[in-house]
Each structure stands twice: as structure tokens, then as C-alpha cells.
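See below for the structure under consideration.
Please treat every number below as a calculation from the coordinates, not as lab data. This structure is a prediction, so every number in the text was calculated from the model and none was measured. Using ideal geometry, Cβ is built from the backbone for each residue, glycine included, and neighbour counts are taken over all protein chains shown.
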């Protein structure tokens, strides 16, 4: 199924790089760029900048390196642009959990059902000593992460690139859905494909 990216919207892919890991990880999502006035590079810079509130959670060996946007067109393939702003370095000096273990964040909208929600897997954003053997994050760290995630959602709006859910075709209603809230799960998520070989 193909992702529908209408004009005025973009799908983004944020590169998260660890200095000691050969492969980068990526965080993906959708944004409304209609208020950016056609400056697509600035839109990419604004997406990258929206992740700034997470720098304190991100490991100090890591960075939010760049954001690539695929911008919807009125006919034809999406146009790709990459941010030119400086990478955002992580400042958390604690030992992080392995790359295949991530903070799981739910994205919610005013729309019901599976098409009204999404999720992010955030790598290198939780310390080993903040998670127990069952994969449960301590309540204090969940609260701290939630504060950062709320700030990220607000930053997308403040940067005039509000966060949306993009949908796959075919469907009767493919209009992007604004993300209204985000919630950090107390249980870490796992993605086996992120583990290096």
C-alpha cells in the first residue's frame, strides 16, 4: 500500500546516529508544511529542530543528524529535500539500553480506530539503570520523558510544521489527521531489525 502525501504535507525521516554503531536509526512521521510558504529546506530544518527538547534524553554518543522530507505534489512523485541545520547532539551521559530497545511513544488524534493512532520507537533515549528486568521504565523517568515528548509536540506546532498522521491507500478518506497528543509507554519497545549484525 502506498503512503498518500497530499500537497501541503510531507513525510519525514529523522536520522539518529550513534558514534559507535555502524547503522543509523530513523524516526518517521508526517507534517503539515502548508504554512512554510514553499520553503521546503526551512521546513526540513524546522522538523529537525522540533526534536531539540529530546536532546537531554538522547545519549551523549548520539545525535539527531538530519531530517529528510518527501513533499507531496499535485501530480507526480514527491520531492525530496534534506535539512541543512546543524545536528542536535544528545547530552545524556548515562549508559543507554541497546539500540533494539527503544522508548515507545503513542501518537493520538481525534479520529477513532487504528487509523487514528500511530507510534514512534525512540532509540538511545533511556538509560539502562532506568529499566528493570521486565522492560518497565521507572515512573520518574516516564514522567521526565513525557515532559520532553509534550515539548516536542508543541515544538512541531511552534515551528509551523504541525505533526500529522499520513495514511495508506486505498481508503475512502486519506486526508492527513492532526496529532493532538502523545504518550510515553512505561514498557520499552523492541525492534529486532535495529540490532546490528
- prompt: Applying 1/(1 + (r/R0)^6) with R0 = 35 Å to the Cβ-Cβ distance of residue 154 and residue 115, what FRET efficiency is obtained, to the nearest 0.05?
  reply: 0.90
query: Could you give the semi-axes, largest first, of the ellipsoid that matches the chain, computed as the square roots of 5 times the alpha carbon gyration tensor eigenvalues and rounded to whole Å?
result: 28, 19, 15
query: Pick from 67, 11, 154: which residue has the top mean-square fluctuation in a GNM of the chain where Cα pairs under 10 Å get a spring?
result: 154
message: Using only the alpha-carbon atoms, what does segment 88-168 span along each of its principal axes? Please give whole angstrom values in decreasing order.
response: 36, 28, 22
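So if we plug the beta-carbon distance of residue 74 and residue 173 into 1/(1 + (r/R0)^6) with R0 = 30 Å, what FRET efficiency do we get, rounded to 0.05? It would help to have the intermediate numbers written out before the result.
Values: r = 19 Å, r/R0 = 0.63.
Taking R0 as 30 Å, the efficiency between residue 74 and residue 173 is 0.95.
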- line: In a Gaussian network model of the chain with springs linking alpha carbons closer than 10 Å, the residue among 98, 139, 53 that fluctuates most is 139
- line: GNM of the chain, Cα pairs under 10 angstrom: of 72, 110, 59, the biggest fluctuation goes to 110
message: Considering all projection directions equally, how large on average is the shadow of the alpha-carbon convex hull of segment 1-79, in square nanometres?
response: 6.2
For segment 17-54 and segment 64-88, distance of Cα centres in Å: 8
query: Can you give the angle from 0 to 90° between the axis of helix 40-50 and the longest principal axis of the chain, with both taken from C-alpha atoms, to the nearest 10?
result: 30
message: Per DSSP helix of 4 or more residues, -39500 (n - 2.57); summed, then divided by the residues of the chain. What does that give at 222 nm, rounded to the nearest 500?
response: -5000 deg cm²/dmol
